Each structure stands twice: as structure tokens, then as C-alpha cells.
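The values are calculated or read from the model by the stated rules, or taken from the named source; none is laboratory data. Please read all numbers here as calculations on a predicted model, not as lab measurements. All Cβ positions, even for glycine, are placed from backbone atoms using ideal geometry, and neighbour counts span all protein chains on display.
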Amino acid sequence: MRLFVSIDLPEAFAERIAAVQEELSDAGGIRPTDPTQTHVTLKFLGEVSEDRVPELETGLETAVADAGVSPFEAEYGGLGVFPSLEYISVVWLGVRDGAAEMTRLHEAIERETVELGFDPEDHDFTPHATIARMDHAGGKELVRTLVRECDPPVGRTPVEEVTLMRSELGPDGPVYSTVGSYPLDT
């Protein structure tokens, strides 16, 4: 099964995220993500055999406890891209408040999962929520303009847990389901 660790944005934000995606709709090559499934990926694990899930869940419990992060408020807004404005493959929604807590969680999860034999990340962690992917550069100029000039506020929400998610790829894009959740220290 294909797994990742995330902080999920509330479905109440879906309408606001869809409005931001609408701003991108005239850009050729843009493929929006499902706004009801928006999340911040703390660690992508890839294909994981079902028999490894129990040890992974134990490792995530340990990592979340070791991070020492109490429930916090996250604020989402603003746009960015990966890898750069010259070559855009992902358009994302930024994390205005809560990035430090998310980074601490990511670092603890990274340590624990690497210890369990998962591949280490090959790039620096930037807390973000992917809202679109760019399949070709047809609309690159519009995306660049929006990233530079558009600063959409999406909202604030409490973050109280980290989730282990399963991603099943389908004809209409990925469908996510929760495998486990790990509450932050209270």
C-alpha cells in the first residue's frame, strides 16, 4: 500500500481552496488537486507492505511524542511553487503560522522512519499543501504572476494530530483513507 504521513486541513477549507484553484484555471497545463483532501505531507513513505504497518505505527507514536509538539494553531495562505518559478511542477498553499511545529514533527518522523529503514528525504522540508500540479508549461506565466501577486488567505485551524494515510491511485486521481492517527502531546 502507498502511504504518507500528514496533517490534514479541515474540509471546511475546501471551498476557499477551490476558490484559489479557480484563479489558476486559465493556466494551461494545470491539474488541480481535490480540495476536500488537502493536507501537509510530513513524510512520503511510498509502497509499504501491510506487515510493516504495525512497526510503522509504533514508530510514528514514538516520533510524535519525541517531537514534543503540543496542539497548535496553523494558518494557511499565500502561494508558492516547486521546484522554482522557472520550472513549475507543483503549486502550493503556504503555512503562515505553525511552520515551526510542523518542521519539528517532520524532523522527528524523518529520524524514526529512517531508523525503520525508509529512505531519507532528498530535499529540505517546506511545510505546504499542494493545490495543483503542472503537466506542461503552457500556463507558466499566469502561475508566476499569481504566485508573485496573489496572497490568498485560507484560514486558521487547530492541529491536534498527525495521520498515517493510504493513497490509492484511481482514474480521477488519488483517494486517501486514514490508516492511523497520532495525537500531539497535551
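Suppose we keep only residues that are of a type in the set (Asp, Glu) and modelled with pLDDT of 95 or more within the stretch 8-21. Which one would you say is nearest to SER89 (Cα to Cα)?
That would be ASP8.
Does any residue of the stretch 150-160 turn out to be of a type in the set (S, T, N, Q), under 14 Å from THR41 (Cα atoms) and within 19 Å of the chain's Cα centre (by Cα)?
No, the stretch 150-160 has no match at all.
Restricting to the stretch 72-87, what's the tally of residues that are modelled with pLDDT of 95 or more and in contact with a helix residue (DSSP H, G or I) (Cβ under 8 Å, 6 or more places away or on another chain)?
Qualifying residue count, the stretch 72-87: 6.
Quick check on the stretch 70-83. Is at least one of its residues over 22 Å from ARG31 (Cβ atoms), touching a Gly at 6+ places or on another chain (Cβ under 8 Å) and without any contact (Cβ under 8 Å) to a residue 60 or more places away in the chain?
no
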